[in-house]
Amino acid sequence: MSTQRIAYLGPAGTFTEQALLTQADLATLERVSVPTIRGVLEATDAGDVDLGFAAIENSIEGAVNATLDALAFELDLLIQREVIHPVEMCLLGREGSSLEQIRSVVSFPHAAAQCHKYLAETFDHVDIVAANSTAEAAQHLARDGESTTAVIGNALAGSTYGLEVLARQVEDHPGNHTRFVVVAREGIPAPTGHDKTSIVTFQRADRPGSLVNILQEFSARSINLTHLQSRPTKRELGDYCFVIELEGHVADERVTDCLKNVHAKQAHVRFLGSYPAVGAHADNSRTEANEAWDDAERWIEKIRARVG
């Protein structure tokens, strides 16, 4: 049996690879480095690899739109799990470089944005140059960069490419975390009792109260939403869809009933996956809601049994 292959944003030493390696089962797979997030997802969709691993959200910068839009509008992939990984940024330079020499900083735009305050306070003037990934920036600096250039990356990238750590913990917010998702062409993981479901809703008409009507379907069933974001549909100006994440699994009766009603009455729904959740969630309130729903089901079934 051949080893499964998993694509990730490369080259070696990215935050994405660092997060991937925290998952014991994923770390045993054959890792395939891809230079862009879009490329990671396209390789998975095309069947070139079995799984894809990509950042979807950062606690400071918000959604990673390259991932979100590809899943929402273009590629037919399902989320298999989420991974949340703390972000510790380092300023890396060539051997012998010093902070006083640095005139430009190269990094992935999300990473550079998360260090804006540090860069502004440390340097009188510095040019910020975009790269496809933090590790790609480190790789290029090690290969043919200058002592006046530094990169923002992690310690793994520094050790991988033989760069010196000029400063540690340069991120503006120490509690910074990035959420990654594992995606595949097919398959919905079985419910664990601690799950999350991601969907995209497309409104059928731009009318007052349409979003409220959608959200009331969740509220009526005591389904907690963990994420709600509007995104332009790419069709025309002012045309938006809503990315929604909710507690629960599509196999749960309450979730099934809710999604069915949203799809039938309010909007077209694109299903992105039901998968194990990480982090703090309202387990007690969800258990109470499930028990109330089950009790209501038993009640209505007793009544229906008397029909005829």
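Readers should treat all values here as calculations from the given coordinates under stated rules, not as data from a laboratory. Worth saying up front: this structure is predicted, and the values here are computed from it rather than measured. Positions of Cβ are backbone-derived with ideal geometry, glycine not excepted, and every protein chain shown enters the neighbour counts.
Just a few scattered comments:
- Folded to 0 to 90 degrees: helix 283-304 orientation relative to the chain principal axis, Cα: 20
- Bridgeable lysines around Lys260 (alpha carbons under 27 Å apart, same-chain partners fewer than 8 residues away excluded): Lys196, Lys234, Lys302.
- Across Thr22, Thr67, Thr178, mean-square fluctuation computed from a Gaussian network of the chain (C-alpha pairs under 10 Å connected) peaks at Thr22.
- Angle in degrees between helix 210-220 and the longest Cα principal axis of the chain, rounded to the nearest 10: 70
- Relative contact order (%) - criterion: Cα under 8 Å, at least six apart; region: the chain: 21
- Compactness of region 40-114 - radius of gyration and Dmax, Cα, Å: 16.6, 49
- In the chain, the DSSP-assigned H stretches of four residues or longer account for a calculated mean residue ellipticity at 222 nm of -9000 deg cm²/dmol, using -39500 (n - 2.57) per stretch and the full residue count as denominator.
- Considered as an equivalent ellipsoid built on the Cα gyration tensor, region 1-133 has semi-axes of 31, 17, 13 Å, the largest given first.
- Projected label distance in nm at Asn261 and Gln4, using a 7 Å step from Cα toward the beta-carbon: 3.6
- Euclidean distance of C-alpha centroids, region 244-269 and region 26-43, integer Å: 31
- Top of Asn213, Asn58, Asn132 by mean-square fluctuation, Gaussian network on the chain, Cα under 10 Å: Asn213
- With contacts taken as Cα pairs under 8 Å and at least 6 residues apart, region 32-106 reaches a relative contact order of 22 percent.
- Using the Karplus relation 6.51 cos²θ - 1.76 cosθ + 1.60 with θ = phi - 60°, the per-residue 3J(HN,Hα) values for region 62-79 come to x, 5, 8, 5, 4, 6, 4, 5, 4, 6, 6, 10, 10, 9, 9, 10, 10, 6 Hz, with x marking Gly and Pro.
- Selected from Pro276, Pro11, Pro86 as most flexible by GNM, with the chain as the system and alpha-carbon contacts under 10 Å: Pro86
- Cβ-Cβ FRET estimate between Ile300 and Asp48, R0 fixed at 45 Å, reported to 0.05: 0.40
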